[in-house]
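Engineer: So that we are looking at the same thing, I have put the structure below in structure tokens.
The values are calculated or read from the model by the stated rules, or taken from the named source; none is laboratory data. All values derive from a computational prediction rather than experimental measurement. Cβ placement follows ideal geometry from the backbone for every residue including glycine, while neighbour counts extend to all protein chains displayed.
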Amino acid sequence: MNARFLGISELSEVPSVAVVVDVMRAYTVAAWVFAQGAERIVLAGSLDEALALKARHPDWVALKDGPPAPGFDMVNSPGLLRSADLRGRTVVQKTTAGTVGALAVKEASLVLCAGFVVAEATARLLRTRVCDGVTFVVTGEGGRAEEDLACAQYIARRAAGDGTEPAEPAEFLRRAAGSRAAAELAEGVREGAHPDDVALCLELDRFPFAMVAAPEDSLMVLRPSAVPPTTGGVPA
């Protein structure tokens with residue numbers, strides 16, 4: 001598998017297959033949203049769009065980066081939403097980097113959104129699709145976020161194998177734990193955070209599903225996707 005690792009601003013063409021990585025915290029949060037029972041996540045292009053969608057659909061749950069704000073129900077923190085009951089709900093998510101990255105590649109034939117918590121399921125889905133070339137969109141810090149790059153490289157390593165030989169995750173997780181984002185969360189620099197956020201973002205393979213984004217009725221919608229176990233790169 002030919003893997004490219006690009007920042008959002010470096011996307012000069014529409015990739016065939018894109019994996020959008022935001023470890024701290026958009027796609028860790030998205031995975032928790034699904035684990036708490038949400039049916040789908042609508043990825044909003046702006047705060048105004050998120051609020052407009054919420055106004056048209058009062059039963060939807062609106063979520064954003066940073067501190068709580070009028071019109072939004074939740075903030076982008078896995079620690080703060082892990083006890084929420086989201087069964088059957090639609091969540092509207094707008095973040096600084098993660099949602100921006102997914103919308104930037106919305107015309108790709110396959111768009112996956114990922115963090116460490118869904119790393120193996122994401123790699124397994126790539127293996128089942130037999131993807132020759134994959135563009136990993138490193139969303140944080142203009143494509144230089146160490147936690148996102150480490151996660152992208154780990155998924156690429158897992159996807160390139162046949163699923164039987166483990167890629168040692170310790171070094172990739174160590175890089176993520178030492179990232180600027182992890183330090184800012186741990187030190188309370190970023191608002192709308194919980195003390196457990198860093199640890200939750202670094203839980204490898206917490207969830208068994210991948211997350212696939214695709215256009216639905218003019219919206220970019222993220223849904224969980226069950227991925228069958230593989231043997232030798234072939235679905236079992």
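Engineer: Any idea which residue in the stretch 9-29 is surrounded by the fewest Cβ atoms within 10 Å (Cβ to Cβ), counting only those that are under 19 Å from Ala145 (Cα atoms) and touching a strand residue (DSSP E or B) at 6+ places or on another chain (Cβ under 6 Å)?
Structural biologist: By that ranking, first place goes to Ala18.
This table checks each residue for (1) farther than 18 Å from Ala193 by Cβ; (2) surrounded by 15 or more Cβ atoms within 10 Å (Cβ to Cβ).
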residue: Leu51; (1), (2): yes, yes
residue: Arg56; (1), (2): yes, no
residue: Asp59; (1), (2): yes, no
residue: Pro67; (1), (2): no, no
residue: Pro70; (1), (2): yes, no
residue: Val75; (1), (2): no, yes
residue: Gly79; (1), (2): no, yes
residue: Leu86; (1), (2): yes, yes
residue: Val92; (1), (2): yes, yes
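Engineer: To continue, here is another question. Considering only strands (runs of 3 or more DSSP E) fully contained in the stretch 1-105, which possess at least 3 residues that are more than 22 Å from Asp205 (Cβ to Cβ) and without any contact (Cβ under 8 Å) to a residue 60 or more places away in the chain?
Structural biologist: Output list reads 61-64, 90-94.
Conditions tested, residue by residue: (1) surrounded by 24 or more Cβ atoms within 10 Å (Cβ to Cβ); (2) at pLDDT below 95; (3) of a type outside the set (D, E, K, R).
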residue: Ala114; (1), (2), (3): yes, no, yes
residue: Ala119; (1), (2), (3): yes, no, yes
residue: Thr128; (1), (2), (3): no, yes, yes
residue: Val138; (1), (2), (3): yes, no, yes
residue: Glu141; (1), (2), (3): no, no, no
residue: Glu146; (1), (2), (3): no, no, no
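Engineer: Regarding the stretch 103-118, can at least one residue be identified that is under 10 Å from the mean Cα position of the chain (by Cα) and either at positive phi or small (Gly, Ala, Ser) (or both)?
Structural biologist: yes
Engineer: Restricting the search to the stretch 180-204, which residues are over 21 Å from Gln93 (Cβ atoms), exposed (fewer than 15 other Cβ atoms within 10 Å of the Cβ) and touching a residue at least 40 places away in the same chain (Cβ under 8 Å)?
Structural biologist: Scanning the stretch 180-204 gives a single hit, Pro195.
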